Amino acid sequence: MTEQFDAWLERELQRQLNAVAPRSPRPAQAWYQAAMPSRRYGMLRILPAAAAAKAIAAVAAVAAAGAVTATAVTGSPNPQVWGQQVKAQVESCKDALTTGQHGIGDCVSDFASKHGQTQRNAHAQSTSKP
Amino acid sequence: MGASYSEASPAGEASYRPGSSPDFDRLYRASYPRLVRTLTALLRDGAAAEDCVQEAFVRAFKAWPRYRPDAPAEAWLHRIALNVAASHRRYQRLREIGEVLRRIGRPELERDPATVVERSDLLDALRRLPPRQASAIVLRHYHGYTNREIAAALGVPERTVASRLAAARERLLQELGPAWNPEMGTPPGPGVIHSA
């Protein structure tokens, strides 16, 4: 009886839950991307030692310019603050839900995209300088 | 950064280095749909399940450098996601109570059908279980986790997992009645006349 029930349970859960199709699992759309400090500093790890000094100088310039823009957007140069902003944004999206409305994905994704765009603009602006 | 854990979990063979962003992206791609399905079973609301999973990944990403690869990464994610879902259920209950108080005497609003999962006796019964029991059932019978992996995911001893599974199974059998097994025959529907 127990084995029979377990087998039925497995079959039914597979049938019913496999029919659930999540919207999109692309990492670029994930909320955690907005909490992630820019990945450009990670490039330093794969540069040869000879290029490191030049890269450090370039990254310092990039960081300075990026920090100015990020500060303008978030009010703080600290990447942790961006994470806190995501948290605050999630709360504000939840509060903005009207009765009967479900899901805050679009609201938070919009915030994340704007943040990403700001980061890209800041990067483009700083790298275009001599 | 410690040694990476080689998984032989239902998610497939994979190893993840704590703190590595590309590995976290890979983990996200591999686990996201499975986590959404787990929370959909518990919350019965696809959109809420996706929101909770996204929030769980935000929390997991912050903790990623400190992740200890001594258990499957997906089990670790499940633990975080189940905590987020539990908070969501509490928050939802408060909202519902407030809503009932505000809406007394007014007609009920219809829910968006796109966000509500197909009605099912099994999922309804699952949702009526205590969340810890329901989580154990989904991890065991949908994801195929071993009791050891469930113990890691829920942060409890293996014997606790075994007793939760037994209690959940017992309660599901009671809730579903004989209808779960077609061979045992389903109870007659309304309007059927039986001869004496």
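Each of residue B:63 and residue B:174 was given a label point 7 Å from its Cα along the Cα-to-Cβ line. The distance between the two points is 3.3 nm. Amide H contacts of residue B:16: B:5, each under 5 Å away and 5 or more positions distant or on a separate chain (H built 1.01 Å from N in the peptide plane; Pro and chain starts excluded). I'd like the Karplus ³J(HN,Hα) series for the range B:20-27: coefficients 6.51, -1.76, 1.60, θ = phi - 60°, whole numbers in Hz, and an x wherever there's a Gly or Pro. The phi angles translate into 7, 5, x, 5, 5, 4, 5, 4 Hz.
Throughout, read-outs are computed from the coordinates displayed, never taken from laboratory work. For clarity, every value in this text was computed on a predicted model and none was experimentally measured. Positions of Cβ are generated from backbone atoms using ideal geometry, with glycine treated the same way; all protein chains shown enter the neighbour counts.
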